[in-house]
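Derivation of every value follows stated rules applied to the coordinates shown; laboratory data play no part. Because the structure is predicted, anything quoted here is derived from the model rather than measured. Because the Cβ atoms are built from the backbone with ideal geometry, glycine has one as well, and the counts that use them run over all protein chains shown.
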Amino acid sequence: MISAYYFGAISLVLIGLYAVLVKKNVLKMLIGLSIMETGVNLLLVSIGYIYGRSAPILSEGIGPNQAVDPIPQALVLTAIVIGVATTAMALSVAIILYQKYGTLNVEEIRRLRG
Amino acid sequence: MNVQYASLLIAIPLITAFFVPLMKGLGEKAIKTYVLIITAIQAGIATWVFEEVYTTGKPIIVMAGGWRPPVGIDLYIGPFAALFVLIVALVSFLMAVFNFRAVKVEPIDKYAMLFLLLMLGATGMIATGDIFNLFVFMEITAITAYALTAYNKTGEAAEASLKYMVLGGIGSSFFLIGVALIYGATGTLNMAQIAQLAGNINPTVAQVALALVIFGLAVEAELFPLNAWAPDAYQAAPHPVTAMFSAFVVKAGIYALARILYLMSAVGTWKNILHLLIAMATLTVIVAEFSALRQRNVKRMIAYSSVSQVGLIGLAFALGTQAGVDAGVFQMINHAIIKVLLFLGVGYVAVQLGGAEIENFRGLGKRMPLTALGVTVGSMSAVGIPLFNIFWSKLRIILATVDAGYAWAAALVLGASVVEAVYYFRLVHAIWFTGEGERLRESAPLVAIMLLLIAIIVAIGIYPNYAWSLSQKAGNDIFNVAQYIKNVPLMGVGA
């Protein structure tokens with residue numbers, strides 16, 4: 001069954017991709033990348049989702065048969081951490097770019113070419 | 001010795017990298033020496049692993065925490081991984097020597113840490129046996145590579161790093177979607193189990209997943225639509241890092257691509273993916289060769305040449321035959337050797353004469369004759385002249401391509417070699433037959449490294465049999481998926 005979660009996740013990915021490809025401002029491109037990562041994370045979580053079950057934290061009343069697949073959730077935790085690291089790295093590069101070029105417009109940041 | 005100690009290949013660089021900031025007060029020399037020692041230890045362990053794998057003929061499976069796969073994450077160090085982990089460690093060691101000359105920008109402690117983490121990331125990508133673990137190591141490699149690209153803190157470096165980061169971010173998202181689809185279809189992330197179950201996946205799902213994974217890895221592997229970052233990053237990065245990018249970061253990417261491609265070879269629509277990859281690889285070769293022709297900066301020119309040679313490796317892997325994979329591995333070994341030599345030579349010239357523009361190379365034969373010899377041998381070999389190593393691997397690729405029925409691709413490889421010859425001979429001509437100059441003193445350790453690499457290049461050029469038999473074993477490791485599945489002691493769950 002194709003659920004609404006998949007549509008939501010893929011549309012987030014596409015919105016992010018659109019922002020990365022079309023926007024001229026470096027910060028908007030980086031926001032696009034973050035949106036894209038969020039979409040991918042949602043997709044991963046929804047692949048492990050089973051209708052009507054709860055989060056995979058074993059506690060009173062929730063055994064392995066009442067919980068959703070825990071592996072995608074572990075993957076998403078890792079992916080979120082990696083995403084944060086990439087974003088931080090990218091923003092610090094954006095700061096250097098602004099110091100050296102005085103602009104964040106990608107069309108004006110073009111010293112390397114050919 | 002217990003083979004589980006092979007996990008030190010991952011553990012040592014990871015632990016030691018985070019001790020670097022503690023040494024900040026000891027000064028630049030101490031930190032560079034520390035990196036040299038760590039890479040030497042890593043090379044020692046890698047040599048031991050290589051010996052172990054090639055004498056017993058059996059792969060080393062490291063099981064994390066003692067759990068058998070697929071419950072635990074395993075490292076699979078087969079003939080291919082053993083060979084390339086050794087190459088990664090040796091190249092890192094040589095570049096750790098080069099660091100003393102080439103890297104002057106502060107903060108050296110951050111540089112040393114990123115240097116070790118880059119080595120770790122590539123080692124992990126090559127050794128891992130789990131597809132999500134591969135993603136994590138790919139991101140370690142990528143994030144350190146972004147940071148190292150921007151390390152010189154010039155505007156160009158930041159620009160190159162940004163390009164790399166945007167493409168890398170898109171690539172890793174695609175890769176992760178591919179992984180999600182594969183996980184959704186098979187319920188596992190272990191490579192051996194994926195290979196076992198690949199035949200049962202719905203062919204359309206498998207095709208989309210594989211295409212997404214290939215696009216994701218194509219960023220690291222520098223295949224055509226996603227390689228715009230490569231020349232910029234190569235030009236802007238510190239010289240030792242450029243050599244590392246070309247020698248093993250891109251190799252790790254293309255290996256991961258080939259590994260996942262062949263794991264899924266039981267999929268019904270596999271041939272379509274091969275066609276996609278052949279198209280991407282041939283376009284990579286053509287576009288990169290013609291771009292290289294117009295460059296005035298030698299480092300950028302060699303970067304384009306590196307991209308085109310990696311395209312050749314991609315082409316060899318995309319043929320889907322045993323001969324193609326063997327030839328691809330052979331080209332990977334040879335390319336790693338000559339690109340280390342070329343980037344070392346060019347980087348050293350840029351350090352001594354203040355830039356890698358072609359003007360600085362005029363009269364190099366009189367000013368720095370030994371470095372000039374190194375660059376010349378590297379260039380001759382890259383073109384594919386007999387008696388040098390690349391000749392044999394290009395020959396093998398052409399034979400494999402014709403065998404698989406892609407004669408047009410073989411013609412393309414030959415055409416590309418002609419274009420390559422034009423710009424490399426222009427460089428060699430500028431070095432030996434133009435310009436004048438006083439002779440400069442050349443650094444003894446760097447000259448020793450260059451002479452060693454020249455000796456290896458000529459040795460493989462004259463006696464290719466040993467290197468070829470190594471590549472056949474390593475190629476078989478990638479191609480023979482049934483053997484791969486048999487080697488991994490899977491626990492009977494899930495499937």
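Listed conditions (1) within 8 Å of chain B (Cβ to nearest Cβ); (2) of a type outside the set (Ser, Thr, Tyr); (3) on the phi > 0 side of the Ramachandran plot are all met by A:LEU75, apart from (3).
Only residues that are closer than 17 Å to A:ILE71 by Cβ, under 26 Å from the mean Cα position of the chain (by Cα) and either more than 13 Å from chain A (Cβ to nearest Cβ) or of a type outside the set (A, V, I, L, M, F, W, C) (or both) were counted across region B:171-191, and they come to 3.
Under the condition of being hydroxyl-bearing (Ser, Thr, Tyr) and assigned to a helix (DSSP H, G or I), the residues counted in region B:110-136 number 2. In region B:183-254, counting only helices (runs of 4 or more DSSP H) that sit wholly within it, the ones holding 3 or more residues that are over 29 Å from B:ILE286 (Cα atoms) span B:191-197, B:203-221. The single residue among B:GLY187, B:GLY199 that is of a type outside the set (Asp, Glu), surrounded by fewer than 23 Cβ atoms within 10 Å (Cβ to Cβ) and under 26 Å from B:VAL62 (Cα atoms) turns out to be B:GLY187.
Scanning region B:137-144 turns up no residue that is in a helix (DSSP H, G or I), more than 20 Å from the chain's Cα centre (by Cα) and either surrounded by fewer than 23 Cβ atoms within 10 Å (Cβ to Cβ) or free of Cβ contacts under 8 Å to residues at least 24 places away in the same chain (or both). Is there a residue being assigned to a helix (DSSP H, G or I) and within 17 Å of B:PHE330 (Cβ to Cβ) anywhere in region B:421-432? The answer is no, given that none of the residues of region B:421-432 is assigned to a helix (DSSP H, G or I) and within 17 Å of B:PHE330 (Cβ to Cβ). Number of residues in region B:149-170 that are closer than 30 Å to B:MET191 by Cβ and either within 8 Å of another protein chain (Cβ to nearest Cβ) or small (Gly, Ala, Ser) (or both) equals 5.
Please indicate, with yes or no, whether at least one residue in region B:326-335 is surrounded by 24 or more Cβ atoms within 10 Å (Cβ to Cβ) and among the acidic types (Asp, Glu). Yes, region B:326-335 contains a residue that is surrounded by 24 or more Cβ atoms within 10 Å (Cβ to Cβ) and among the acidic types (Asp, Glu). For region A:47-63, check the following and say yes or no: at least one residue is more than 11 Å from chain B (Cβ to nearest Cβ) and crowded, with 17+ Cβ neighbours inside 10 Å. Yes, some residue in region A:47-63 is more than 11 Å from chain B (Cβ to nearest Cβ) and crowded, with 17+ Cβ neighbours inside 10 Å.
Here's the yes/no breakdown for (1) in contact (Cβ under 8 Å) with a residue 24 or more places away in the chain; (2) surrounded by 19 or more Cβ atoms within 10 Å (Cβ to Cβ); (3) out of contact with any Cys (no Cβ under 8 Å at 6 or more places or on another chain):
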position: B:LEU395; (1), (2), (3): no, no, yes
position: B:ALA416; (1), (2), (3): yes, yes, yes
position: B:PRO445; (1), (2), (3): yes, no, yes
position: B:ILE449; (1), (2), (3): yes, yes, yes
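When B:VAL213, B:VAL219 are checked against the criterion of being over 17 Å from the mean Cα position of the chain (by Cα) and surrounded by 22 or more Cβ atoms within 10 Å (Cβ to Cβ), a single residue qualifies: B:VAL213.
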